[in-house]
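The values are calculated or read from the model by the stated rules, or taken from the named source; none is laboratory data. No experiment lies behind these values; they were computed from the predicted model shown. So basically every Cβ, Gly included, is an ideal-geometry build from the backbone, and we count neighbours across all protein chains shown. When the accessible area is computed, the model is the full protein with side chains, heavy atoms only, and any ligands, DNA or RNA have been set aside. Shrake-Rupley method; radii C 1.70, N 1.55, O 1.52, S 1.80 Å.
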Amino acid sequence: MSASPSPSPEVLAWWEAGEAHLRTLLDTLGPEDLDGPSLLPGWPRRMVVAHVARNADALGNLLHWARTGQPTPMYPSREARDAAIAESAAQDPSALVADCEEAAGRFAEALRSLPPAAWGAEVTTAQGRSVPASTVPWLRCREVWVHAVDLAAGTGFSDLPEALLLALLEDVTAAWQRAGRDPGLCFVVGDRRIGSGPRALRGDLPALVGWATGRLDASELESDEPIPPPPPWP
């Protein structure tokens, strides 16, 4: 996904729809549901909700960085990140859900009030990648949609817009290449090909995204060669 002076209207629309979808999904979960399993190994749903909340604040730090020029990392350290998620997850259910919604609101206010000139400011992600601030809405967009699926509460990748799924596949393949983890695959969706690897992986778009992001197995995919486990993402 190429950098631009400001976020694309399409990404902003995906982000707003994702935040709204996640709020609606959280409203359907009862207190006991938050202790149920998510799609992330070892994480109950409450950990996913806590992670989404703290991610909103972390990405808000990047917007503060862009606005002020003062370096403000997403997290002080990996240990501090993990501790903040665990502390948030320990809240009672109503407080946890409110925390997530309030954090999303803070992020939205920071995003909508960012001066246009600040979108080109360079900030650093938790993975150490330097990106323009215009990338931040995409980072939040993929966060809310993928973790909505992770809640295992009725949302699947088939509920995501097709263009967003294609953008996620492009994001995954780019992340693999940056990290030197490219498995040499090319995703084939109809007559569209994503990635430049010699081995074609075919299937429905939601199933391909689910596999590439490590959420689904390869049972619905096809390839002329054995399908390897997906490299870590992001």
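Is it fair to say residue 105 is over 29 Å from residue 46 (Cβ atoms) and either over 20 Å from the mean Cα position of the chain (by Cα) or small (Gly, Ala, Ser) (or both)?
So residue 105 fails the test.
The residues listed here are 26, 62; of these, the one that is more than 20 Å from residue 159 (Cβ to Cβ) and open to solvent by less than 30 Å² (accessible area, probe 1.4 Å) is 62.
Residues that are open to solvent by 20 Å² or more (accessible area, probe 1.4 Å) and either touching a Cys at 6+ places or on another chain (Cβ under 9 Å) or aliphatic (A, V, I, L, M) (or both) within the stretch 138-156 comprise 152, 153, listed in sequence order. Taken over the stretch 167-188, residues that are of a type in the set (S, T, N, Q) and either open to solvent by less than 30 Å² (accessible area, probe 1.4 Å) or touching a helix residue (DSSP H, G or I) at 6+ places or on another chain (Cβ under 8 Å) (or both) amount to 1.
Of all residues assigned to the stretch 81-88, at least one qualifies as being at pLDDT 95 or above, open to solvent by less than 20 Å² (accessible area, probe 1.4 Å) and under 29 Å from residue 216 (Cβ atoms). If you go through the stretch 103-137 and pick out every residue that is of a type in the set (Gly, Ala, Ser), within 22 Å of residue 85 (Cα to Cα) and crowded, with 16+ Cβ neighbours inside 10 Å, you end up with 5. Checked against (1) more than 20 Å from the chain's Cα centre (by Cα); (2) surrounded by 12 or more Cβ atoms within 10 Å (Cβ to Cβ); (3) β-branched (Val, Ile, Thr), residue 68 meets all criteria but (2). Scanning the stretch 2-25 finds one or more residues that are part of a loop (DSSP other than H, G, I, E, B), of a type outside the set (A, V, I, L, M, F, W, C) and free of Cβ contacts under 8 Å to residues at least 24 places away in the same chain. Considering the conditions (1) closer than 23 Å to residue 18 by Cβ; (2) open to solvent by 20 Å² or more (accessible area, probe 1.4 Å), residue 55 is excluded by exactly one of them, (2). If the condition is being in contact with a Lys or Arg (Cβ under 8 Å, 6 or more places away or on another chain) and of a type outside the set (A, V, I, L, M, F, W, C), then the stretch 127-169 contributes 129, 150.
Tell me the residue from 191, 159 that is of a type in the set (D, E, K, R) and either within 27 Å of residue 46 (Cα to Cα) or surrounded by 13 or more Cβ atoms within 10 Å (Cβ to Cβ) (or both), please.
159
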